[in-house]
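*Asks:* Before anything else, here's the structure in question.
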Amino acid sequence: MKILISGAGIAGPTLAYWLLHYGFEPTIVETAPRPRTGGYIIDFWGAGFEIADRMGLLPEIRNKGYMVREVSVRNRNGKSVAGFPAEAFSRMTHGRYVSLPRGELAASIFGSIDEKVESIFGDSVSQIEQTGNGVHVVFESGNKRNFDLVVGADGLHSRVRELVFGAESRFEKYLGYKAAAFSVKGYRPREELAYVMYTQVGQQVARFAMRDDRTMFLFTFADENPRSPGDVQSQKALLRERFEAGGWECGQILAALDRADDFYFDRVSQIRMDPREGLWTRGRVTLIGDAAACVSLLAGQGTALAMVAAYILAGELSRCGGDYAAAFRHYQELFGPFVLTKQKAALRFAGSFAPKSEFSLFIRNQLFKLMAIRWIADLAVGRDLADHIALPAYQ
Ligand SMILES: Cc1cc2nc3c(=O)[nH]c(=O)nc-3n(C[C@H](O)[C@H](O)[C@H](O)COP(=O)(O)OP(=O)(O)OC[C@H]3O[C@@H](n4cnc5c(N)ncnc54)[C@H](O)[C@@H]3O)c2cc1C
């Protein structure tokens, strides 16, 4: 079976790895000219960590990753006002927890299929037409190809979803926040293995020191307007407008923005598709990862979930011996309820990223202080780290 995967982020290459493993013939198309590197720091654990282990990627991922030691909250003068040791995350996952740039994780996964899978960079699907016995795809480059199946793994703003399932606005649930991230070299101060944040009502900026003298910054802020500024200059202008009056290091972080060679800006949204309409499947086309069920950065687990979805979809296609309709159905039944609980859990975290009142900010900081007590930290962290899904073992 020839299977086209749109998107070489996290879900796409993971799916390609497992499809190849079971003897399918995957092709990846990615709109970026090369695999995207760098990006924001992600936390990685749970069932996705288990998949990475089954792919033999753990030594490389651990090597590229960081074991964060401390989360620290500063006031406008830089004084520490709350925080906790981060060891509970590692303790509650038996050491199977790591933080690393999203691009590094994507590169490790892509490395496992590089030169084994046909990969087309700098192109995108532009038309998808399902025929009786296959899918006819037209690419933006003008190329035309036929595949047996098409999988959209092209993220929150999925093109496949738009072409086959309908406009993004039908499925996107904006959560009332925007997020931005960038990294620069040579920023001072540096605090090793500490996630340092400054929170005001409705907004937060955090920094994390990485290898090669780089520092990554992550901004989150409440914004009633669901629309994002269209170009990078207007996005940076919005960040400046929101953060320039802030205390702590806001001024120097915004000054560093001009030196950034990477910049991420987007709405914080979830993708919710309707099970009554067939959820993520239309005939020979299906969706995985953020394209299907983005949980948002608030869940802190989107990459792991993208890998789990890819593993299950490939495994079910193999188990069903080419009966793609049955495989898609099983994939939805196994993964659907699990990811829905993660979407709900993400909403509980919204308040801790950028509390919307002085009172909720005060409560959040008190909770952070309590997390310094080991059993409270284990209780608080343990519940949300648990992944209630039994990963099937496929032959
Ligand atoms: C600020 C932030 C912090 C986060 N923190 C965490 C965290 O701590 N832990 C965690 O696990 N997750 C985190 N996430 C979520 C995580 O990054 C995503 O859930 C995950 O990357 C989803 O993987 P994906 O492969 O589905 O999509 P993506 O990683 O978005 O990959 C999609 C790919 O498709 C490509 N593409 C887009 N359009 C097209 C097209 N038309 N044709 C071809 N290719 C296309 C893109 O270029 C990209 O390479 C965070 C997200 C954000 C924004």
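The values are calculated or read from the model by the stated rules, or taken from the named source; none is laboratory data. The structure displayed is predicted, hence computed values, not measured ones. Don't worry about glycine lacking a Cβ; one is built from the backbone with ideal geometry, like all the others, and counts go over all protein chains shown. With ligands, DNA and RNA removed, areas are computed over all heavy atoms of the protein, side chains included. Shrake-Rupley method; radii C 1.70, N 1.55, O 1.52, S 1.80 Å.
*Asks:* Counting residues in segment 75-117 as N, plug N into 2.2 N^0.38 Å and put the Cα Rg over that result.
*Replies:* Ratio of Cα Rg to 2.2 N^0.38 Å: 1.91.
*Asks:* Same structure again: For segment 1-58 and segment 245-283, compute the distance between their C-alpha centroids and round to whole Å.
*Replies:* Cα centres, segment 1-58 to segment 245-283: 21 Å.
*Asks:* Angle, helix 11-21 long axis vs. longest principal axis of the chain, Cα atoms, 0 to 90°, nearest 10?
*Replies:* The answer is roughly 40 degrees.
*Asks:* Give me the extension gain from Ser357 to Arg240: residue separation times 0.36 nm, minus the current Cα-Cα distance, reported in nm with one decimal.
*Replies:* 40.0 nm is the gain from fully extending Ser357 to Arg240.
*Asks:* With axes computed from alpha carbons, what is the tilt in degrees of helix 232-243 against the longest principal axis of the chain, rounded to the nearest 10 within 0 to 90?
*Replies:* Compared with the principal axis, the helix lies near 30 degrees.
*Asks:* Between segment 75-130 and segment 215-242, how far is it from one alpha carbon centroid to the other, in angstrom?
*Replies:* 21
*Asks:* Where both residues lie in the chain, what percent of DSSP beta bridges are antiparallel, nearest 5?
*Replies:* So the antiparallel bridges amount to about 70 percent of the total.
*Asks:* Taking a probe of 1.4 angstrom, what is the accessible area of Asp274 in Å², to the nearest 10?
*Replies:* 40
*Asks:* Might you work out the accessible area of Met67 for me, using a 1.4 Å probe with all protein chains in place, and round it to the nearest 10 Å²?
*Replies:* 80
*Asks:* Would you kindly derive the ³J(HN,Hα) couplings of segment 374-381 from the backbone phi angles with the Karplus curve 6.51 cos²θ - 1.76 cosθ + 1.60 (θ = phi - 60°), listing them in order in whole Hz, with x for Gly and Pro?
*Replies:* 3, 5, 5, 4, 4, 5, 5, 6
*Asks:* Gaussian network model of the chain, Cα springs within a sub-10 Å range: biggest mean-square fluctuation belongs to which of Asn365, Asn133, Asn75?
*Replies:* Asn133
*Asks:* I'd like to check one number: the per residue accessible area of the chain, probe 1.4 Å, reported in Å² as a whole number.
*Replies:* On a per-residue basis, the chain sits at 43 Å².
*Asks:* Ratio of segment 257-331's C-alpha Rg to 2.2 N^0.38 Å, to two decimals?
*Replies:* Its radius of gyration relative to the 2.2 N^0.38 Å reference: 1.38.
*Asks:* Now, a different point. Taking only the alpha carbons of segment 1-152, what extent do you get along each of the three principal axes, in Å, biggest first?
*Replies:* In descending order, the Cα extents are 63, 35, 26 Å.
*Asks:* Compute the helix-to-body angle for 324-353: its Cα long axis versus the longest principal axis of the chain, expressed 0 to 90° and rounded to tens.
*Replies:* Tilt of helix 324-353: around 10 degrees.
*Asks:* GNM, the chain, Cα, under 10 Å: largest mean-square fluctuation among Arg188, Arg240, Arg267?
*Replies:* Maximum among the listed residues: Arg188.
*Asks:* Another question about this same structure. Which shape class, rounded, prolate or oblate, goes with segment 192-296 when its Cα gyration tensor gives a ≥ b ≥ c as root eigenvalues, a/c under 1.5 marks rounded, and past that a/b bigger than b/c marks prolate?
*Replies:* Note, shape of segment 192-296 comes out prolate.
*Asks:* What is the diffusion coefficient of segment 240-395 in µm²/s, taking the Kirkwood radius over Cα pairs and the Stokes-Einstein relation at 25 °C with a viscosity of 0.890 mPa s?
*Replies:* It diffuses with D of about 131 µm²/s by this estimate.
*Asks:* What is the pair-distance distribution P(r) of segment 18-105, computed from all Cα-Cα distances in 5 Å bins starting at 0, with each bin given as a whole percent?
*Replies:* With a bin width of 5 Å, the distribution comes to 3, 11, 16, 17, 17, 14, 9, 6, 4, 2, 1, 0.
*Asks:* With a cap of 14 neighbouring Cβ atoms within 10 Å, and only residues DSSP puts in a loop, list the GluC sites (Glu not before Pro) found in segment 155-251.
*Replies:* Glu191, Glu192, Glu224, Glu244
*Asks:* Counting each pair of different Cα atoms once, what's the Kirkwood radius of the chain in Å, rounded to one decimal?
*Replies:* Evaluated on the chain, it is 21.7 Å.
*Asks:* Sequence neighbours fewer than 8 away in the same chain don't count; with that in mind, list the lysines whose C-alpha is under 21 Å from Lys2.
*Replies:* Lys116, Lys144
*Asks:* Quick check: at a probe of 1.4 Å, how many percent of the accessible area of segment 126-249 sits on carbon and sulfur atoms?
*Replies:* Accessible surface attributable to carbon and sulfur in segment 126-249 totals 45 percent.
*Asks:* Could you tell me which of the pairs Lys79/Lys185; Lys79/Lys178; Lys173/Lys344; Lys64/Lys173 are separated by over 22 angstrom between their Cα atoms in the structure shown?
*Replies:* Table pairs above 22 Å Cα-Cα are Lys79/Lys185; Lys79/Lys178; Lys64/Lys173.
*Asks:* Can you list, largest first and rounded to whole Å, the semi-axes you get for segment 102-217 by taking the square root of 5 times each eigenvalue of its Cα gyration tensor?
*Replies:* 39, 21, 11
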